[in-house]
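Engineer: Please read through the structure below; I'll follow up with questions.
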Amino acid sequence: MSSVSPVTGFPAPGSPADAGTSLPRAAIASIAVRDAIDGPLSTSRQRRMLLLYAALLLGGFALALVAAPGPRAFGLGLMLPGGGFLGHLGNGLWPSLGAVAGLLLSLLLLGLALFAWFGSGNILAPIVVWLGSAGLAAALAPTPGWSGAPWLLAAAIAAAAVVTLRGRARYRARAIADRDRRNVHLAKLAAQPPRITAATARTDAAGMPEEASGYLRYLLDRSLQPLASFDGFDQIDQFQTASVRYQVCNFGYALAALQYEHLPAFRGYLSQAQQNLHQKMLDHRNWKYWALENAWGNLSLDPDPVPRDNIMYSGWFGALLSEYISNTGDSRYNDQPLVLRHPDGREWRYTFSQLAEVVYRNFKGSRFTLFPCEPNWIYPLCNNFGGITLKIHDRLYGTRWWSEIEADYRRHFDNEFTTVDGRTLAIRSTRTGLTIAALTSVMADCVTAYFLHGILPDVARRAWEIARLDFIRVADGKVDLLTRGWDAIDTGNYRKSMITTYAQVGAAAGEMGDSEVLELLRQRVRAEFPRGDEDGAVVHQGVSTFAHASLLGLFSQGAATRRDMHARGVAAEILDGPLLAAAPYPDVLVTRARNEGGELNCVLRPGRPAAAGGIYPLELSQLRPGATYRCEGLRQATVTADARGMATVYVYLTARQTFRVSPVE
């Protein structure tokens, strides 16, 4: 059972204090000025790591100079994985070749172990390889062994250190110059009128663009299948970006943004699809990885994926739930707990508020404020989902969790997770303070801007404007991206492809109000990735399920959708107004559903070719009991609500069809 204390006494969702108000213009944060390449906390961890390695190096060197053959080889192996095999040098051709092979093989295995550490938090793997190679070298040590091995190895390590320090100095000089140049540019932008205004932030007269309809079908087909089924999802691994849990969450985020922007007055299969995704996140197949990661990363045997670290589950799931609750006012996840059932019979129960409280406590307990995904590894992107969880929870339930940590989150984000020149780091090690520079990319910058816009809008704008200045080139009606690292990989299936980068950079452009880049990236997707059709659903062959969800965002994204959804939410009068409660799926695809002043306005399309020409029932709810409503675009001219405020109407659907239901005064 969960030991997390329940959170009670909150007001009902759907009545945020700032609902219906305009958000202030988002400023642009400048790049923090610092002399060091890394922030103070990361630098202190790096120094600690270097002191530990220095002790290992000196101890190994001393052992290699004075000890017997076996311990001498072990000492060399402490200095560098595989270094113990260098004692075979000078003993003839074949022993020398064996020494080189042993060194190279050890370094290769260390590289694989470091990849395992990065990919799954397995901190034991590099330790086992390092000490294991030293032990094997000691067992095979020759007598007497080459006496020059300690000096050669020490010289090689010293040379590598010099090259590294010089490279860091050159990088620092370039980064400071880029920082100063970018800060001048950001200051100029801050003085200009905002790109996103009230006029551009919400233009929804026509509803969801028709081109997005096929992507919506793709997501709904997979979300509405039986809860135990994951047909159509990519099932490759459960540790990195192709994990099914990330596909499930990305589906939910895309559907939530669509609901907020175009369909706030529709429930039916759109809400059911999201509820199904919530239940799929509870499936043990989506959190069983944590038993392994917690064991080899934290040396803990607790398989519960919620309490400690693991924001790649608690934060992502929390954001998934919070967006849905904010959009619909549905209180089920605080009325009844979510249940994680282990195959051995154990259960852990969390309400949404308890899950959010766990995220808050992890933030409060971390020296970096941001806390790990895999044990030891902090990803800012994942932490942004935790921030979204708390931001929405504060707005809905009156807590101050995000308010309490926001200043520390911002400070550490700027100092520890932003490069000297202002770009967002993809990752940071809590134990060593190290990062993986190659993972910093235009896609990482833009995804940060996209999901950070509602919680730190000025930082989000900084990330976007830096990418727009230096890494997104628009000329002669075309857009090119300056890419690196994982930009050229479909993050949902690891295939070589630009699809995820196009989709996510384009969605960020839409969120930031840059319609030029948005449309040009849509054009690149149309030109480079042929569209297939499966009974009305768009399918791109070879493209991941994850990317298809991002493409829905690309083709439906409006300006400031996520910023508004997270910081402002659906106004209470919309949540309480008339709703389109149900429509038959997949025959009827609802592409707009909004209510204003007691009037319901909707746009429908046939969801599949065979549905055109049919007559379909539609269920309405939250009408005034006993009141009569005028119907336009429907089979009947008027309808009277029953005692529950419900009514059934019918639509003849041939192509795009609008209808309006308004009270008869």
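The values are calculated or read from the model by the stated rules, or taken from the named source; none is laboratory data. Note that the structure is a prediction, hence the values are computed from the model and not measured. When we count neighbours, we look across all protein chains shown, and the Cβ atoms used for this are built from the backbone with ideal geometry, even at glycine.
Engineer: In this structure, is A503 in contact with a Ser or Thr (Cβ under 9 Å, 6 or more places away or on another chain) and in the same structural domain as L439 (by TED's automatic domain parsing)?
Structural biologist: Yes.
Engineer: Right, here's the next one. Out of everything in the stretch 221-239 that is polar (S, T, N, Q) and in a loop (DSSP other than H, G, I, E, B), what residue ends up being farthest from G121 (Cα to Cα)?
Structural biologist: If we take residues in the stretch 221-239 being polar (S, T, N, Q) and in a loop (DSSP other than H, G, I, E, B), then Q225 is farthest from G121 (Cα to Cα).
Engineer: Is there a residue in the stretch 26-36 that is modelled with pLDDT of 95 or more, of a type in the set (S, T, Y) and part of a helix (DSSP H, G or I)?
Structural biologist: no
Engineer: Scan the stretch 437-467 for residues that are part of a loop (DSSP other than H, G, I, E, B) and either closer than 26 Å to V543 by Cβ or not hydrophobic (A, V, I, L, M, F, W, C) (or both) and jot them down.
Structural biologist: T440, S441, H453, G454
Engineer: Among the residues of the stretch 354-386, write down those that are among the small types (G, A, S) and surrounded by fewer than 23 Cβ atoms within 10 Å (Cβ to Cβ).
Structural biologist: Across the stretch 354-386, the qualifying residues are G365, S366.
Engineer: For L58, are the conditions met, namely being in contact with a helix residue (DSSP H, G or I) (Cβ under 7 Å, 6 or more places away or on another chain), surrounded by fewer than 15 Cβ atoms within 10 Å (Cβ to Cβ) and not in a loop (DSSP other than H, G, I, E, B)?
Structural biologist: Judged against the criteria, L58 is not a match.
Engineer: Just one of the numbered conditions (1) under 30 Å from S331 (Cβ atoms); (2) at pLDDT 50 or above is not true of P16; which one?
Structural biologist: (2)
Engineer: With the structure loaded, tell me whether A254 is touching a residue at least 24 places away in the same chain (Cβ under 8 Å), in contact with a Ser or Thr (Cβ under 8 Å, 6 or more places away or on another chain), among the aliphatic types (A, V, I, L, M) and part of a loop (DSSP other than H, G, I, E, B) or whether it fails that test.
Structural biologist: no
Engineer: Right, next: Pick from the stretch 631-656 the residues that are of a type in the set (A, V, I, L, M) and assigned to a loop (DSSP other than H, G, I, E, B): which of them is nearest to P617 (Cα to Cα)?
Structural biologist: Within the stretch 631-656, the match that is nearest to P617 (Cα to Cα) is L634.
Engineer: Can you pull out the residues in the stretch 420-433 that are in a loop (DSSP other than H, G, I, E, B), closer than 14 Å to Y379 by Cβ and in contact (Cβ under 8 Å) with a residue 60 or more places away in the chain?
Structural biologist: I427, T430
Engineer: Can you pull out every residue in the stretch 468-482 that is part of a helix (DSSP H, G or I) and either among the β-branched types (V, I, T) or within 12 Å of G506 (Cα to Cα) (or both)?
Structural biologist: Hit for the stretch 468-482 is R468, nothing else.
Engineer: For G121, indicate whether it is under 38 Å from the mean Cα position of the chain (by Cα) and on the phi > 0 side of the Ramachandran plot.
Structural biologist: Yes.
Engineer: Let me ask another. Being touching a residue at least 12 places away in the same chain (Cβ under 8 Å) and within 23 Å of L216 (Cα to Cα) narrows it down to one residue among G569, G477, G577, G532; which is it?
Structural biologist: G569
Engineer: Among the listed residues Q247, Q279, which satisfies the condition of being part of a helix (DSSP H, G or I), at pLDDT 95 or above, out of contact with any strand residue (DSSP E or B) (no Cβ under 9 Å at 6 or more places or on another chain) and assigned by TED's automatic domain parsing to the domain that holds T500?
Structural biologist: Exactly one of Q247, Q279 is part of a helix (DSSP H, G or I), at pLDDT 95 or above, out of contact with any strand residue (DSSP E or B) (no Cβ under 9 Å at 6 or more places or on another chain) and assigned by TED's automatic domain parsing to the domain that holds T500, namely Q247.
Engineer: Among the residues of the stretch 490-499, is there at least one that is part of a helix (DSSP H, G or I) and either surrounded by fewer than 18 Cβ atoms within 10 Å (Cβ to Cβ) or basic (K, R) (or both)?
Structural biologist: no
Engineer: Quick check: anything in the stretch 551-566 among the small types (G, A, S), at pLDDT below 95 and surrounded by fewer than 20 Cβ atoms within 10 Å (Cβ to Cβ)?
Structural biologist: no
Engineer: Among the strands (runs of 3 or more DSSP E) contained in the stretch 570-619, which hold 3 or more residues that are among the β-branched types (V, I, T) and closer than 18 Å to H262 by Cα?
Structural biologist: Passing ranges, in order: 588-596.
Engineer: Are there any pairs with C-beta distances below 9 angstrom linking a residue in the stretch 299-325 that is under 24 Å from Q272 (Cα atoms) to a residue that is modelled with pLDDT of 95 or more and among the acidic types (D, E), with the two at least 6 apart or on different chains, and if so which?
Structural biologist: Y324/D330
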